[in-house]
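Step one of this worksheet: look at the structure below.
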Amino acid sequence: MTTAQTNVFETLESEVRSYCRNWPTVFESAKGAWLRDENGKEYLDFFAGAGALNYGHNNPVLKHALIDYLMSDGITHGLDMSTVAKRDFLETFQRTILEPRGLDYKVQFPGPTGANTVEAALKLARKVTGRESIVSFTNAFHGMTLGALSVTGNSMKRAGAGIPLVHATPMPFDNYFDGVTEDFHWFERVLDDSGSGLNRPAAVIVETVQGEGGINVARPEWLRALADLCAKRDILLIVDDVQMGCGRTGPFFSFEIAGITPDIVTLSKSISGYGLPMALTLFKSELDQWSPGEHNGTFRGNNPAFVTSRVALEHFWSDPAFEQATLAKGARIRAAFDELAQRHDGVSSRGRGMVQGLKFTEPDHAAKVCRYAFDKGLLAETSGPSDEVVKLLPPLTLTEDELDHGMRILTEATDVVMS
Ligand code: PMP
(Lines give C-alpha, C1' and ligand atoms only; values in the text may rest on other atoms or scores of the structure.)
Protein backbone atom coordinates (compact mmCIF):
# COMPACT_ATOMS: atom_id res chain seq x y z
CA MET A 1 0.00 0.00 0.00
CA THR A 2 1.40 3.41 -0.95
CA THR A 3 1.58 5.94 1.86
CA ALA A 4 3.36 9.27 2.13
CA GLN A 5 6.14 7.33 3.84
CA THR A 6 6.68 4.91 0.95
CA ASN A 7 5.51 6.98 -2.02
CA VAL A 8 8.92 7.96 -3.41
CA PHE A 9 10.13 4.35 -3.40
CA GLU A 10 7.14 3.24 -5.40
CA THR A 11 7.06 6.14 -7.84
CA LEU A 12 10.76 6.87 -8.35
CA GLU A 13 12.74 3.77 -7.45
CA SER A 14 12.94 1.02 -10.06
CA GLU A 15 10.74 -2.04 -10.01
CA VAL A 16 13.93 -4.05 -9.56
CA ARG A 17 13.89 -3.36 -5.81
CA SER A 18 13.29 -6.56 -3.86
CA TYR A 19 13.89 -6.86 -0.09
CA CYS A 20 11.74 -3.82 0.63
CA ARG A 21 8.75 -5.66 -0.82
CA ASN A 22 8.91 -8.33 1.89
CA TRP A 23 9.69 -5.84 4.65
CA PRO A 24 7.26 -3.02 3.90
CA THR A 25 8.43 -0.35 6.33
CA VAL A 26 11.00 2.43 6.33
CA PHE A 27 14.02 1.72 8.53
CA GLU A 28 15.81 4.52 10.30
CA SER A 29 18.47 3.23 12.66
CA ALA A 30 20.12 0.03 13.79
CA LYS A 31 22.24 -1.31 16.61
CA GLY A 32 23.62 -4.80 17.13
CA ALA A 33 20.98 -7.30 16.06
CA TRP A 34 18.17 -4.74 15.96
CA LEU A 35 16.73 -2.43 13.32
CA ARG A 36 14.25 0.32 14.12
CA ASP A 37 11.77 1.77 11.65
CA GLU A 38 10.73 5.41 11.50
CA ASN A 39 7.59 4.66 13.52
CA GLY A 40 9.72 3.34 16.36
CA LYS A 41 8.95 -0.36 15.83
CA GLU A 42 11.93 -2.64 16.44
CA TYR A 43 12.89 -5.68 14.40
CA LEU A 44 15.32 -8.39 15.32
CA ASP A 45 17.52 -8.84 12.26
CA PHE A 46 18.02 -12.50 11.35
CA PHE A 47 19.24 -11.60 7.87
CA ALA A 48 22.10 -9.24 8.75
CA GLY A 49 22.55 -7.57 5.38
CA ALA A 50 22.48 -10.92 3.56
CA GLY A 51 25.56 -11.90 5.53
CA ALA A 52 27.35 -8.53 5.34
CA LEU A 53 26.84 -7.78 9.04
CA ASN A 54 28.32 -10.76 10.86
CA TYR A 55 29.29 -8.47 13.76
CA GLY A 56 25.91 -6.72 13.84
CA HIS A 57 24.86 -3.19 12.95
CA ASN A 58 27.08 -0.29 14.00
CA ASN A 59 29.29 -2.42 16.20
CA PRO A 60 30.64 0.14 18.72
CA VAL A 61 34.26 -1.05 18.57
CA LEU A 62 34.34 -0.69 14.79
CA LYS A 63 32.29 2.50 14.84
CA HIS A 64 34.70 4.31 17.15
CA ALA A 65 37.68 3.28 15.04
CA LEU A 66 35.88 4.51 11.93
CA ILE A 67 34.90 7.84 13.49
CA ASP A 68 38.44 8.44 14.75
CA TYR A 69 39.80 7.66 11.29
CA LEU A 70 37.39 10.03 9.55
CA MET A 71 37.98 12.79 12.11
CA SER A 72 41.72 12.56 11.53
CA ASP A 73 41.18 13.13 7.78
CA GLY A 74 42.40 9.62 6.99
CA ILE A 75 42.26 8.73 3.29
CA THR A 76 38.71 7.81 2.21
CA HIS A 77 39.21 7.06 -1.46
CA GLY A 78 42.56 5.56 -2.34
CA LEU A 79 42.38 3.81 -5.75
CA ASP A 80 45.05 1.16 -5.13
CA MET A 81 47.57 3.60 -3.71
CA SER A 82 49.62 2.43 -0.75
CA THR A 83 48.07 3.88 2.38
CA VAL A 84 48.59 3.44 6.07
CA ALA A 85 45.07 1.99 6.45
CA LYS A 86 45.72 -0.57 3.73
CA ARG A 87 49.11 -1.52 5.16
CA ASP A 88 47.61 -1.99 8.63
CA PHE A 89 44.82 -4.12 7.18
CA LEU A 90 47.18 -6.33 5.13
CA GLU A 91 49.53 -6.88 8.06
CA THR A 92 46.64 -7.76 10.37
CA PHE A 93 45.03 -10.07 7.81
CA GLN A 94 48.33 -11.89 7.41
CA ARG A 95 48.92 -12.15 11.17
CA THR A 96 45.41 -13.10 12.34
CA ILE A 97 44.02 -15.08 9.39
CA LEU A 98 46.59 -16.32 6.85
CA GLU A 99 49.59 -17.23 9.02
CA PRO A 100 47.75 -19.18 11.74
CA ARG A 101 46.14 -21.28 8.99
CA GLY A 102 49.36 -21.77 7.05
CA LEU A 103 47.87 -20.12 3.97
CA ASP A 104 50.35 -18.70 1.49
CA TYR A 105 47.87 -16.52 -0.40
CA LYS A 106 48.43 -13.30 -2.30
CA VAL A 107 45.72 -10.69 -1.73
CA GLN A 108 44.01 -8.88 -4.59
CA PHE A 109 41.60 -6.00 -4.03
CA PRO A 110 39.02 -6.19 -6.82
CA GLY A 111 36.02 -3.85 -6.98
CA PRO A 112 34.25 -3.91 -3.60
CA THR A 113 31.45 -6.44 -4.14
CA GLY A 114 30.99 -10.20 -4.27
CA ALA A 115 30.40 -10.23 -8.02
CA ASN A 116 33.64 -8.28 -8.54
CA THR A 117 35.75 -10.81 -6.70
CA VAL A 118 34.07 -13.69 -8.53
CA GLU A 119 34.82 -12.00 -11.87
CA ALA A 120 38.46 -11.54 -10.83
CA ALA A 121 38.70 -15.19 -9.80
CA LEU A 122 37.24 -16.47 -13.09
CA LYS A 123 39.45 -14.18 -15.18
CA LEU A 124 42.58 -15.20 -13.30
CA ALA A 125 41.77 -18.93 -13.60
CA ARG A 126 41.30 -18.54 -17.36
CA LYS A 127 44.46 -16.48 -17.76
CA VAL A 128 46.64 -18.86 -15.77
CA THR A 129 45.40 -22.07 -17.37
CA GLY A 130 44.76 -20.76 -20.88
CA ARG A 131 41.42 -22.62 -20.79
CA GLU A 132 38.00 -21.01 -20.99
CA SER A 133 35.50 -23.40 -19.46
CA ILE A 134 34.40 -23.28 -15.79
CA VAL A 135 32.53 -25.98 -13.90
CA SER A 136 29.88 -24.72 -11.48
CA PHE A 137 27.18 -26.50 -9.47
CA THR A 138 23.43 -26.85 -9.51
CA ASN A 139 21.75 -24.14 -7.43
CA ALA A 140 24.96 -22.13 -7.17
CA PHE A 141 24.85 -18.37 -6.72
CA HIS A 142 27.84 -16.18 -7.54
CA GLY A 143 26.48 -12.74 -8.45
CA MET A 144 24.77 -10.64 -11.10
CA THR A 145 27.54 -9.68 -13.55
CA LEU A 146 27.79 -11.73 -16.73
CA GLY A 147 30.71 -13.94 -15.68
CA ALA A 148 29.20 -14.55 -12.25
CA LEU A 149 25.76 -15.20 -13.78
CA SER A 150 27.25 -17.77 -16.15
CA VAL A 151 28.16 -19.92 -13.11
CA THR A 152 24.88 -19.19 -11.26
CA GLY A 153 22.02 -21.68 -11.41
CA ASN A 154 18.82 -19.66 -10.91
CA SER A 155 16.97 -19.46 -14.24
CA MET A 156 15.21 -16.17 -13.52
CA LYS A 157 18.50 -14.46 -12.66
CA ARG A 158 20.22 -16.02 -15.68
CA ALA A 159 17.47 -14.86 -18.02
CA GLY A 160 18.24 -11.27 -16.95
CA ALA A 161 21.55 -11.48 -18.80
CA GLY A 162 19.80 -11.14 -22.15
CA ILE A 163 22.63 -12.92 -23.95
CA PRO A 164 23.82 -16.53 -23.93
CA LEU A 165 25.79 -17.37 -20.81
CA VAL A 166 28.58 -19.55 -22.07
CA HIS A 167 31.79 -21.32 -21.12
CA ALA A 168 30.32 -22.74 -17.92
CA THR A 169 28.95 -26.23 -17.22
CA PRO A 170 26.82 -27.08 -14.18
CA MET A 171 27.47 -30.32 -12.29
CA PRO A 172 25.36 -31.86 -9.50
CA PHE A 173 26.10 -30.38 -6.06
CA ASP A 174 26.50 -32.70 -3.09
CA ASN A 175 23.32 -34.70 -2.45
CA TYR A 176 21.61 -33.39 -5.60
CA PHE A 177 20.27 -36.89 -6.17
CA ASP A 178 19.27 -37.27 -2.51
CA GLY A 179 22.08 -39.72 -1.85
CA VAL A 180 20.65 -42.27 -4.29
CA THR A 181 23.37 -41.79 -6.89
CA GLU A 182 26.92 -40.90 -5.97
CA ASP A 183 27.05 -37.29 -7.21
CA PHE A 184 30.65 -37.44 -8.28
CA HIS A 185 30.21 -40.19 -10.87
CA TRP A 186 28.91 -37.89 -13.54
CA PHE A 187 31.61 -35.25 -13.11
CA GLU A 188 34.49 -37.73 -13.01
CA ARG A 189 33.12 -39.66 -15.93
CA VAL A 190 32.67 -36.67 -18.25
CA LEU A 191 36.08 -35.28 -17.31
CA ASP A 192 37.77 -38.50 -18.41
CA ASP A 193 35.63 -39.19 -21.49
CA SER A 194 36.94 -37.42 -24.60
CA GLY A 195 33.52 -37.99 -26.15
CA SER A 196 31.58 -36.34 -23.30
CA GLY A 197 31.47 -32.87 -24.83
CA LEU A 198 32.94 -31.22 -21.73
CA ASN A 199 35.83 -28.91 -22.57
CA ARG A 200 38.70 -29.33 -20.13
CA PRO A 201 37.83 -26.78 -17.44
CA ALA A 202 40.09 -24.00 -16.18
CA ALA A 203 38.45 -24.13 -12.78
CA VAL A 204 35.66 -25.40 -10.60
CA ILE A 205 33.79 -22.80 -8.53
CA VAL A 206 31.93 -23.97 -5.44
CA GLU A 207 30.19 -22.70 -2.30
CA THR A 208 30.67 -24.97 0.72
CA VAL A 209 27.12 -24.10 1.78
CA GLN A 210 24.87 -22.74 -0.94
CA GLY A 211 23.24 -19.73 0.71
CA GLU A 212 20.99 -18.41 -2.05
CA GLY A 213 20.47 -21.92 -3.43
CA GLY A 214 18.55 -23.09 -0.34
CA ILE A 215 21.19 -23.78 2.38
CA ASN A 216 22.55 -26.85 0.66
CA VAL A 217 25.46 -28.07 2.76
CA ALA A 218 28.38 -29.89 1.12
CA ARG A 219 29.81 -32.65 3.30
CA PRO A 220 33.50 -32.26 4.20
CA GLU A 221 34.25 -35.58 2.44
CA TRP A 222 32.55 -34.33 -0.72
CA LEU A 223 34.64 -31.15 -0.64
CA ARG A 224 37.79 -33.20 -0.10
CA ALA A 225 36.93 -35.46 -3.03
CA LEU A 226 36.31 -32.39 -5.19
CA ALA A 227 39.64 -30.84 -4.16
CA ASP A 228 41.42 -34.15 -4.92
CA LEU A 229 39.77 -34.44 -8.30
CA CYS A 230 40.76 -30.87 -9.20
CA ALA A 231 44.36 -31.40 -8.05
CA LYS A 232 44.71 -34.67 -9.99
CA ARG A 233 43.29 -33.19 -13.21
CA ASP A 234 45.16 -29.87 -12.90
CA ILE A 235 41.94 -27.87 -12.55
CA LEU A 236 41.90 -24.83 -10.24
CA LEU A 237 39.53 -24.94 -7.29
CA ILE A 238 37.77 -21.68 -6.46
CA VAL A 239 35.82 -21.54 -3.19
CA ASP A 240 33.34 -18.68 -3.22
CA ASP A 241 33.30 -17.67 0.44
CA VAL A 242 31.52 -14.37 -0.13
CA GLN A 243 28.56 -15.40 2.02
CA MET A 244 29.89 -18.30 4.12
CA GLY A 245 33.28 -16.79 4.94
CA CYS A 246 34.21 -14.46 7.82
CA GLY A 247 32.97 -16.92 10.42
CA ARG A 248 29.43 -17.59 9.23
CA THR A 249 29.82 -21.36 9.50
CA GLY A 250 32.17 -21.20 12.54
CA PRO A 251 35.79 -20.97 11.34
CA PHE A 252 36.96 -17.86 9.46
CA PHE A 253 36.95 -19.72 6.13
CA SER A 254 34.08 -22.12 5.55
CA PHE A 255 36.36 -24.68 3.84
CA GLU A 256 38.50 -25.17 6.97
CA ILE A 257 36.15 -27.92 8.14
CA ALA A 258 37.20 -30.03 5.13
CA GLY A 259 40.95 -29.43 5.60
CA ILE A 260 41.32 -28.32 1.98
CA THR A 261 43.30 -25.40 0.53
CA PRO A 262 41.51 -23.93 -2.48
CA ASP A 263 43.63 -22.36 -5.21
CA ILE A 264 41.49 -19.21 -5.21
CA VAL A 265 39.12 -17.85 -2.54
CA THR A 266 36.61 -15.03 -2.90
CA LEU A 267 35.59 -12.91 0.11
CA SER A 268 33.29 -9.91 0.44
CA LYS A 269 30.11 -9.19 2.48
CA SER A 270 31.40 -9.30 6.09
CA ILE A 271 35.09 -8.74 5.36
CA SER A 272 34.83 -5.01 6.19
CA GLY A 273 32.93 -5.98 9.35
CA TYR A 274 30.80 -2.85 9.24
CA GLY A 275 28.74 -3.31 6.10
CA LEU A 276 31.09 -1.10 4.08
CA PRO A 277 31.79 -2.29 0.52
CA MET A 278 34.98 -4.34 0.31
CA ALA A 279 36.11 -7.54 -1.40
CA LEU A 280 39.23 -9.67 -1.59
CA THR A 281 40.40 -12.30 -4.05
CA LEU A 282 42.96 -14.61 -2.48
CA PHE A 283 45.10 -17.00 -4.50
CA LYS A 284 48.17 -19.18 -4.22
CA SER A 285 51.23 -17.06 -4.96
CA GLU A 286 52.20 -19.01 -8.09
CA LEU A 287 48.87 -17.97 -9.62
CA ASP A 288 49.71 -14.28 -9.29
CA GLN A 289 50.23 -13.83 -13.00
CA TRP A 290 48.38 -10.56 -13.41
CA SER A 291 50.12 -7.75 -15.27
CA PRO A 292 49.98 -4.41 -13.44
CA GLY A 293 46.56 -2.82 -14.01
CA GLU A 294 45.19 -5.78 -15.94
CA HIS A 295 42.18 -6.00 -13.61
CA ASN A 296 41.55 -2.43 -12.53
CA GLY A 297 38.74 -0.48 -10.83
CA THR A 298 38.10 2.90 -9.22
CA PHE A 299 36.71 1.66 -5.92
CA ARG A 300 39.32 -0.90 -4.89
CA GLY A 301 40.68 1.29 -2.15
CA ASN A 302 37.80 1.90 0.26
CA ASN A 303 40.11 2.85 3.12
CA PRO A 304 37.43 3.28 5.82
CA ALA A 305 36.56 -0.37 5.11
CA PHE A 306 40.21 -1.33 5.62
CA VAL A 307 40.06 0.33 9.03
CA THR A 308 36.89 -1.44 10.21
CA SER A 309 38.10 -4.72 8.72
CA ARG A 310 41.41 -4.53 10.59
CA VAL A 311 39.68 -3.74 13.87
CA ALA A 312 37.17 -6.58 13.34
CA LEU A 313 40.01 -9.04 12.72
CA GLU A 314 41.87 -7.87 15.82
CA HIS A 315 38.76 -7.81 17.98
CA PHE A 316 37.02 -11.05 16.96
CA TRP A 317 39.65 -13.28 15.39
CA SER A 318 42.55 -13.17 17.83
CA ASP A 319 40.67 -15.53 20.17
CA PRO A 320 39.29 -19.00 19.23
CA ALA A 321 36.39 -18.39 21.64
CA PHE A 322 34.58 -16.48 18.88
CA GLU A 323 34.39 -19.53 16.62
CA GLN A 324 33.23 -21.71 19.53
CA ALA A 325 30.48 -19.23 20.41
CA THR A 326 29.27 -19.22 16.79
CA LEU A 327 29.08 -23.01 16.76
CA ALA A 328 27.22 -23.08 20.09
CA LYS A 329 24.65 -20.53 18.92
CA GLY A 330 24.30 -22.35 15.61
CA ALA A 331 23.56 -25.59 17.48
CA ARG A 332 20.88 -23.78 19.49
CA ILE A 333 19.16 -22.55 16.31
CA ARG A 334 19.44 -26.01 14.81
CA ALA A 335 17.87 -27.66 17.86
CA ALA A 336 14.83 -25.37 17.56
CA PHE A 337 14.55 -26.11 13.82
CA ASP A 338 14.94 -29.86 14.42
CA GLU A 339 12.05 -29.74 16.87
CA LEU A 340 9.87 -28.00 14.28
CA ALA A 341 10.88 -30.55 11.65
CA GLN A 342 9.82 -33.37 13.99
CA ARG A 343 6.51 -31.72 14.79
CA HIS A 344 5.45 -30.92 11.22
CA ASP A 345 5.30 -33.12 8.14
CA GLY A 346 6.98 -31.64 5.08
CA VAL A 347 9.44 -29.57 7.12
CA SER A 348 13.16 -30.29 7.43
CA SER A 349 16.21 -28.49 8.83
CA ARG A 350 19.62 -27.86 7.27
CA GLY A 351 22.67 -25.69 7.83
CA ARG A 352 26.11 -25.31 9.35
CA GLY A 353 27.20 -22.95 12.12
CA MET A 354 25.09 -19.82 12.06
CA VAL A 355 23.57 -20.30 8.65
CA GLN A 356 20.50 -22.43 9.22
CA GLY A 357 17.45 -23.15 7.11
CA LEU A 358 13.99 -24.62 7.51
CA LYS A 359 12.80 -26.24 4.30
CA PHE A 360 9.10 -26.60 3.44
CA THR A 361 7.70 -29.01 0.87
CA GLU A 362 5.17 -26.30 0.05
CA PRO A 363 7.19 -23.16 -0.93
CA ASP A 364 4.30 -20.87 -0.01
CA HIS A 365 4.70 -21.91 3.63
CA ALA A 366 8.22 -20.46 3.84
CA ALA A 367 6.99 -17.07 2.60
CA LYS A 368 4.12 -17.14 5.08
CA VAL A 369 6.46 -17.91 7.98
CA CYS A 370 8.66 -14.95 7.03
CA ARG A 371 5.64 -12.68 6.67
CA TYR A 372 4.29 -13.72 10.08
CA ALA A 373 7.73 -13.21 11.61
CA PHE A 374 7.97 -9.72 10.09
CA ASP A 375 4.65 -8.73 11.65
CA LYS A 376 5.98 -9.96 15.01
CA GLY A 377 9.20 -7.96 14.63
CA LEU A 378 11.69 -10.37 13.07
CA LEU A 379 13.42 -10.16 9.70
CA ALA A 380 14.09 -13.45 7.92
CA GLU A 381 14.32 -14.23 4.21
CA THR A 382 13.56 -17.18 1.98
CA SER A 383 16.03 -18.89 -0.35
CA GLY A 384 16.16 -21.88 -2.68
CA PRO A 385 15.07 -22.39 -6.29
CA SER A 386 11.38 -22.02 -5.33
CA ASP A 387 12.00 -19.88 -2.23
CA GLU A 388 11.04 -22.89 -0.17
CA VAL A 389 13.60 -22.42 2.62
CA VAL A 390 13.41 -19.99 5.54
CA LYS A 391 17.01 -18.88 5.78
CA LEU A 392 18.61 -17.50 8.93
CA LEU A 393 21.81 -15.44 8.92
CA PRO A 394 21.70 -13.66 12.30
CA PRO A 395 24.66 -11.54 13.40
CA LEU A 396 27.24 -13.86 14.96
CA THR A 397 27.39 -11.44 17.87
CA LEU A 398 23.75 -11.67 18.92
CA THR A 399 23.10 -12.65 22.54
CA GLU A 400 21.52 -15.93 23.59
CA ASP A 401 18.45 -14.01 24.80
CA GLU A 402 18.07 -12.39 21.39
CA LEU A 403 18.55 -15.74 19.73
CA ASP A 404 15.88 -17.38 21.90
CA HIS A 405 13.52 -14.46 21.33
CA GLY A 406 13.91 -14.85 17.56
CA MET A 407 13.48 -18.61 17.66
CA ARG A 408 10.28 -18.23 19.71
CA ILE A 409 8.83 -15.99 16.98
CA LEU A 410 9.88 -18.43 14.24
CA THR A 411 8.49 -21.41 16.16
CA GLU A 412 5.17 -19.67 16.66
CA ALA A 413 5.15 -18.59 13.00
CA THR A 414 5.77 -22.16 11.79
CA ASP A 415 3.20 -23.66 14.15
CA VAL A 416 0.57 -21.16 12.98
CA VAL A 417 1.35 -21.56 9.27
CA MET A 418 1.40 -25.37 9.49
CA SER A 419 -1.72 -25.68 11.67
N1 PMP B 1 28.83 -15.13 -4.17
C2 PMP B 1 28.01 -15.57 -3.21
C3 PMP B 1 28.22 -16.94 -2.65
C4 PMP B 1 26.96 -14.77 -2.75
O5 PMP B 1 26.13 -15.24 -1.81
C6 PMP B 1 26.80 -13.49 -3.31
C7 PMP B 1 25.68 -12.55 -2.83
N8 PMP B 1 24.57 -13.11 -2.29
C9 PMP B 1 27.67 -13.07 -4.31
C10 PMP B 1 28.68 -13.91 -4.70
C11 PMP B 1 27.53 -11.73 -4.96
O12 PMP B 1 27.84 -10.70 -4.07
P13 PMP B 1 27.38 -9.20 -4.39
O14 PMP B 1 25.89 -9.16 -4.23
O15 PMP B 1 28.09 -8.38 -3.36
O16 PMP B 1 27.82 -8.90 -5.76
Handout entry: Number of the condition not met by Pro112 [criteria: (1) free of Cβ contacts under 8 Å to residues at least 60 places away in the same chain; (2) crowded, with 16+ Cβ neighbours inside 10 Å]
Key = (1)
Exercise for the section: Identify, from the list Phe187, Phe137, the residue that is more than 13 Å from the ligand (Cβ to nearest atom) and under 22 Å from Thr261 (Cα atoms). Expected result: Phe187
Practice task
List the number of the failed condition for Leu237; all other conditions in (1) more than 20 Å from Met354 (Cβ to Cβ); (2) within 11 Å of the ligand (Cβ to nearest atom) hold.
Solution key: (2)
Exercise for the section: For residues that are open to solvent by less than 30 Å² (accessible area, probe 1.4 Å) and away from the ligand (no atom under 16 Å from the Cβ), scanning just region 47-60, find the one that is farthest from Gly357 (Cα to Cα). Expected result: Asn59
Problem - Top-ranked residue of region 79-96 - restricted to ones that are in contact (Cβ under 8 Å) with a residue 60 or more places away in the chain and more than 26 Å from the chain's Cα centre (by Cα), ranked as nearest to Phe109 (Cα to Cα) - result: Met81
Practice task
State all residues of region 257-302 that are more than 21 Å from the chain's Cα centre (by Cα), open to solvent by 50 Å² or more (accessible area, probe 1.4 Å) and farther than 22 Å from Thr92 by Cα; if no residue qualifies, say none.
Solution key: Glu286, Gln289, Ser291, Pro292, Gly293, Glu294, Asn296, Thr298
Exercise for the section: Give the residue, chosen from Leu122, Leu103, that is away from the ligand (no atom under 16 Å from the Cβ), within 20 Å of Leu282 (Cα to Cα) and in contact (Cβ under 8 Å) with a residue 40 or more places away in the chain. Expected result: Leu103
Practice task
Scan region 220-230 and give yes if some residue there is among the basic types (Lys, Arg), part of a loop (DSSP other than H, G, I, E, B) and under 19 Å from Phe253 (Cβ atoms), otherwise no.
Solution key: no
Practice task
List the number of the failed condition for Arg310; all other conditions in (1) part of a helix (DSSP H, G or I); (2) open to solvent by 50 Å² or more (accessible area, probe 1.4 Å); (3) farther than 20 Å from His77 by Cα hold.
Solution key: (3)
Exercise for the section: Take region 329-379 and flag every residue that is without any contact (Cβ under 8 Å) to a residue 12 or more places away in the chain and aliphatic (A, V, I, L, M). Expected result: Ala331, Ala335
Exercise for the section: Would you mind stating whether Asp178 is more than 16 Å from the ligand (Cβ to nearest atom) and either part of a loop (DSSP other than H, G, I, E, B) or not assigned by TED's automatic domain parsing to the domain that holds Asn216 (or both)? Expected result: yes
Exercise for the section: Taking the options Lys123, Lys63, name whichever one is open to solvent by 30 Å² or more (accessible area, probe 1.4 Å), touching a His at 6+ places or on another chain (Cβ under 7 Å) and assigned to a helix (DSSP H, G or I). Expected result: Lys123
Fill in the blank from the handout: All-but-one check, Ser196 against (1) open to solvent by less than 70 Å² (accessible area, probe 1.4 Å); (2) within 29 Å of Ser349 (Cα to Cα); (3) of a type in the set (S, T, N, Q), failing number (2)
Problem - Candidate set from region 140-149 (those that are open to solvent by 10 Å² or more (accessible area, probe 1.4 Å) and over 25 Å from Phe306 (Cα atoms)); member that is nearest to the ligand (Cβ to nearest atom) - result: Phe141
Problem - region 217-239, residues that are more than 19 Å from Ala202 (Cα to Cα) and touching a residue at least 60 places away in the same chain (Cβ under 8 Å) - result: Val217
Exercise for the section: Output the number of residues of region 199-218 satisfying the condition of being more than 20 Å from Leu236 (Cα to Cα) and open to solvent by 40 Å² or more (accessible area, probe 1.4 Å). Expected result: 2
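The values are calculated or read from the model by the stated rules, or taken from the named source; none is laboratory data. In this text, all values refer to a predicted model and were calculated from it rather than measured experimentally. Every residue, glycine as well, gets a Cβ built from its backbone with ideal geometry; the counts of neighbours run over all protein chains shown. These accessible areas exclude ligands, DNA and RNA; they are computed on the full protein's heavy atoms, side chains included. Shrake-Rupley method; radii C 1.70, N 1.55, O 1.52, S 1.80 Å.
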